[in-house]
Ligand code: WT7
């Protein structure tokens, strides 16, 4: 175990305070959260705190539900009197030679109010859905907060997703409007967001409007009557837009995430509980103090960007850095150059980025002055001890606590994580639960709760916390089915977990058909259905396999139509096909031609076997006697693809 006392003075919590607060938070959540809820400004204060039920068939989650507030007021207006001139957002562009922008709270307020008025002028009303398909530019934050200001529900679609994926999300949530940009520079290349949006909108209602941020000035098509130049229009509208009073349980945003079955689910987060939880976790987990410069390198297209670039830091009146680029452009020193330039105090990134940078050698880090750093964060997948040690040694210089934060799109904020100064770390463990979180480990087959301290099984959460998702957009049944049906009375995370004799939690990875590629969640079913949509493909099965940089890679077994011959051209064509169907992150790392797939007599594909073959662990296939045709396994092993 490692204790790293802050080299900057006392942290928000120490070990005794953590214990005391944690105990109260789980023994008396009403009192605990009743007090913590006051970290926000309420238009009508709540009198109710917790009203939650995990009973399958009756699942209902409400926090602070008679309270009225506005999220944009909490992230902006309430800071104006005391820190109007403080930088709210530092924007660091893709090209290091382009100047950074420093947006004060006062400027943020004006931009958000203007953007809100633009939305109103386009007929967006309270409760309407707005899809945001933007690069990592300040306008993404303005758009989110503008929606929050007028009570519209935003749904961000990661700019790396394809037109088809964008169209599906626009249609699923019935968005009235999509906000995009001309093109998105990243790592010196440009993604044509506007033309992707044009392609997506061919599959959507022709009532859907398109707001375009002219970011690079690149030429795009322009459809009169549908497309709107947002920046120009922001100049023409009033800089003041009264915030709509929202109920704590009014949805703030929808964010689509992959599951083990079917199409992506629209995870719904609501205004009050989510914001309380994002703000509190941001403060305690990163040990954020007033005046600190905080940087989360995630994209706003993922939940990490929602909670820890925009809502948490801004609700706390912090300074949040938004980075448009990539870790390796123009070279592997970019992260550290930016840390030095802006004197970053807290830095939050993903193990996959650390592994990629590790391979380039420490000289890229050693060049820069990182003495302002005090907390380092990790998220997305378990951090392997080698990456942990490198992060600690070269970036943190052995002086910065590393917070390995386990959480999910569904949880809204950190769930199991160290707190600097309070919880000693062990490399690879997310350590202990945050306030209000009751993790339990169940036997995966008997569903029996494991009471011994040291144990292993599936990870569930025994009671609600304010940041929990409330429902799946448009499908409360699916919400209950997915998270509350398998282990009755508990929220099921989908993760496996080990608890050691010190009571520390170690996430062992997904136990469902979800794979974690570079910290991004990918449903194997989604990749399979993209593959079978190709005319040459009869059947496909997708599994994860260990990948040095990405954590897990995508391994696809593809059965071709009878009259189709396998070829390298076809392989390339399938890769391209998946990129356009879903996006570059879904591109299979390996495609193996499979004349047959291992199926049970009832036709179920035995993925366990496919995983073993992909992992090259063919000595331990287990019982294959229930297969309809065991000989397909020999063929798959004999022709196992070279993973390079
Ligand atoms: C899944 C959630 C939460 C934002 C990033 C991904 C895995 C996430 C950790 C961690 C071990 C982790 C889990 C989880 N995961 N963080 N620190 N240690 N595993 O959000 O796309 O909703 O994915 O990512 O498997 O269930 P997401």
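Coordinate-derived values only; no laboratory data. These numbers were taken from a predicted model, which means no experiment stands behind them. Neighbour counts run over all protein chains shown; Cβ positions are idealised from the backbone, glycine included.
Sketch the reach of a paramagnetic label on residue 372 as a point 7 Å from Cα along Cα-to-Cβ, and name the residues of the stretch 77-99 whose backbone nitrogen lies under 14 Å away. Counting backbone N atoms under 14 Å from the label point, the list is 87-92.
Among beta bridges identified by DSSP and lying wholly in the stretch 68-186, the antiparallel ones come to about 35 percent. Take the Cβ atoms of residue 55 and residue 24, set R0 to 22 Å, and the FRET efficiency comes out at 0.30. Each peptide in 186-198, 403-415, 360-372 gets a packing score, the mean of other Cβ atoms within 10 Å over its residues, and the list from highest to lowest is 403-415, 186-198, 360-372. Across the stretch 292-422, the mean sequence separation of Cα contacts (distance under 8 Å, 6 or more residues apart), normalised by length, yields a relative contact order of 22 percent. Using the Cβ-Cβ distance between residue 393 and residue 569 with R0 set to 51 Å, the FRET efficiency from 1/(1 + (r/R0)^6) comes to roughly 0.65. Note on the chain: Cα-only Rg and Dmax are 24.2, 74 Å. Sorting 143-154, 586-597 by average packing, meaning the other beta carbons within 10 Å per residue, from highest down gives 143-154, 586-597.
Considering only alpha-carbon pairs that sit under 8 angstrom and 6 or more positions apart, the relative contact order computed for the stretch 338-486 is 16 percent. Classify the stretch 1-141 as rounded, prolate or oblate from the Cα gyration tensor: take a ≥ b ≥ c as the square roots of its eigenvalues, call it rounded if a/c is under 1.5, otherwise prolate when a/b beats b/c and oblate if not. Judged from the Cα gyration tensor, the stretch 1-141 comes out oblate (a/c at least 1.5, b/c at or above a/b). What separates the Cα centres of the stretch 475-518 and the stretch 14-61 is a distance of 22 Å. For the stretch 540-583, backbone nitrogen atoms closer than 19 Å to the point 7 Å from residue 616 Cα along Cα-to-C-beta are found at 543-557. Each label point was placed 7 Å from the Cα along the Cα-to-Cβ direction; for residue 39 and residue 629 their separation is 5.9 nm. On full extension, the segment bounded by residue 453 and residue 240 gains 71.1 nm, given 0.36 nm per residue less the C-alpha separation. Taking the DSSP beta bridges with both ends in the chain, the antiparallel portion is around 60 percent.
Note on the stretch 572-634 and the stretch 175-205: Cα centroid distance 34 Å, given to the nearest whole angstrom.
Computed from the C-beta positions of residue 562 and residue 231, the FRET efficiency with R₀ = 60 Å rounds to 0.65. When shorter helices are ignored and each DSSP H run of at least 4 residues is given -39500 (n - 2.57), the per-residue value for the chain at 222 nm works out to -8000 deg cm²/dmol. Antiparallel beta bridges, as assigned by DSSP with both residues in the stretch 197-347, represent about 45 percent of the total such bridges. Annotation for the stretch 422-473 versus the stretch 258-286: alpha-carbon center distance of 16 Å. According to the square roots a ≥ b ≥ c of the eigenvalues of the Cα gyration tensor, what is the shape class of the stretch 162-232, taking rounded for a/c under 1.5, prolate for a/b larger than b/c otherwise, and oblate for the remainder? Verdict is oblate for the stretch 162-232. The value of relative contact order for the chain, using C-alpha pairs under 8 Å at least six residues apart, is 14 percent. Extension gain for the segment residue 171 to residue 218, taken as residue separation times 0.36 nm less the Cα-Cα distance, is 14.2 nm to one decimal.
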